[in-house]
1. Restricting to the stretch 47-207, compute how many DSSP beta bridges are antiparallel as a %, nearest 5.
2. Show which aspartates and glutamates lie in cross-link reach of residue 201 when reach means a straight Cα distance below 17 angstrom and same-chain residues fewer than eight apart are skipped.
3. Among all the aspartates and glutamates, which ones have a C-alpha under 13 Å from residue 99's C-alpha, if same-chain residues fewer than 8 places away are not counted?
4. Given points 7 Å out from each Cα along the Cα-Cβ axis, report the residue 64 to residue 207 separation in nanometres with one decimal.
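Throughout, read-outs are computed from the coordinates displayed, never taken from laboratory work. None of these values were measured; they are calculated from a predicted model. Here the Cβ is made from the backbone with ideal geometry for all residues, glycine too, and neighbour counts use every protein chain on show.
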Amino acid sequence: MRSESHQKPKALQNRPTSGAWMRFIWVHVLVFAALLVFLFSPPTKAEPILLSNNFELGAAKEFERQLTEEIDTVILAVSGGYLVEGMQIGRIIRARGLKTVVPSGAACLSACAEAFLGGTSMQIDGTVAFHIPRVAGPISQADAFTQGLAGGTLTAIYRFEMGFGFELTQTINRWTTNERLLAFSTTSELLRYKDPESGLKLPRFYER
């Protein structure tokens, strides 16, 4: 009669080693530590940046250089400057997702008004005012017409990029001069030009 030998069961082959257990524990410790840092670190304080000098050539590059991650709002109190710089500042503001504010008692005019349109959120407590592109310096009538046409086209395209239809540009071209500006004292007045069907009000002017 054949006797059957009883063998002991083999040890489990997939049992983790002590080194694997240590790596597992360290990973979870690091994840837990990172979570604690995230939960208990003080929140980043949002900061505004103030623009108060006229937009000279190079102003947009200088503005972009001064921006930090903490800045979320651009306060504008500028009486004018180069149109191309104002539009470029507006594009930087939009790309960075910044808010624009004109505080009470302040005026944001001409090129500054174009920069103001870049805000992802806009707040008017003072005055924002636009005018037709101005041609600087003594030039011929033909050159003045060419430059004025180019400036008008650029601003129309820019305002469209910022979400405003042709109605805003049409009103500016119809009613304003170098000295008489189309003015807005509340955000809601300006935003009507994003949705003209909501009813446009008669233009209000800012004389300088």
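1. 30 percent
2. 167, 189
3. Cross-link targets: 47, 70, 72.
4. 4.1 nm
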